[in-house]
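Note sheet for the following structure.
Bear in mind that the values in this text are calculations on the coordinates, not laboratory data. Note that the coordinates shown come from a computational prediction; the quantities given were computed from them, not determined experimentally. Using ideal geometry, Cβ is built from the backbone for each residue, glycine included, and neighbour counts are taken over all protein chains shown.
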Amino acid sequence: MKMNLRHLVNKEKFLKYSEKWAAVPKDEKEAFKRKAKDTTPSEMTYEECIQEWHKSKKRICAEANRMKSLLPDLDWYMVFSAGNEMSRAGSSRGWSLSKITLRKPFTSDKPYSIHKISAKDIQKIFNEKYAEAVGKPGAKMPYSKLPTGDVQMEGMPDGLQVRLPYRYGGKQRLAIWNARESLRLSREESTSLSTF
């Protein structure tokens, strides 16, 4: 039926499936149910195994996305391989981390590696420090004011200055991450910044 109903949207397909199933006699339904329950991969054709494999992959990805909605900081990445077919799935940050870890595995004794601290992580820290300084929750760091020197952050490591986060290297991002508790805008700057 599926091959004959390709032109329909899923909702219409399932209506057709349910109509067809309702027309099946009860004894045949029981036979189908027993067959479905007892079918093992060894009894399935290769095409049936491939279809079931794809369905299982979709369920795994759906569950991983559900987990990410529960914990937004969760990042995931998976590689699926079947015969000559290889596919990948994951969150965007999980994909970024996988490219790094496939080249150079990070050690588990370090809670954060250089490559795990992204420019977005640094941007979030800067935004939080700025919002705290001006007393406006959710305020964002005014990067357009950087060239004028109006934005100064105390506690920056190794003489680093505030700049667009993607311009920091991995070691600099890690240093800023480790110093995040001591970062703050000075009182004079935060007073003048509140007018932005």
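Quick check: residue separation of GLU63 and GLU28 times 0.36 nm, minus the Cα distance between them. What number comes out in nm? Kindly include the intermediate steps, with their values, before the conclusion.
Numbers: separation 35, 0.36 × 35 = 12.60 nm, distance 3.35 nm.
Full extension from GLU63 to GLU28 adds 9.3 nm.
In nm, to one decimal, how far is the modelled label at ALA36 from the one at ASN127, with both set 7 Å along Cα→Cβ?
4.6 nm
LYS140's amide H: which non-local residues (gap 5+, or another chain) put their own amide H closer than 5 Å, with H modeled 1.01 Å from N in plane and none for Pro or chain starts?
none
Run the numbers for SER18 and ARG6: contour at 0.36 nm per residue of separation, minus the present Cα-Cα distance, in nm. List each step's numbers first, then the result.
Numbers: separation 12, 0.36 × 12 = 4.32 nm, distance 1.60 nm.
Computed gain between SER18 and ARG6 is 2.7 nm.
With θ taken as phi - 60° and the coefficients 6.51, -1.76 and 1.60, list the Karplus ³J(HN,Hα) couplings across the range 124-135 in order, rounded to whole Hz; mark glycine and proline as x.
4, 4, 4, 4, 5, 5, 5, 4, 5, 5, 8, x
Exceeding 27 Å between C-alpha atoms, which entries from my cross-link table qualify? They are LYS37/LYS57; LYS13/LYS68; LYS120/LYS145; LYS26/LYS57; LYS29/LYS68.
Working: LYS37/LYS57 20 Å; LYS13/LYS68 30 Å; LYS120/LYS145 19 Å; LYS26/LYS57 32 Å; LYS29/LYS68 38 Å.
Exceeds cut-off: LYS13/LYS68; LYS26/LYS57; LYS29/LYS68.
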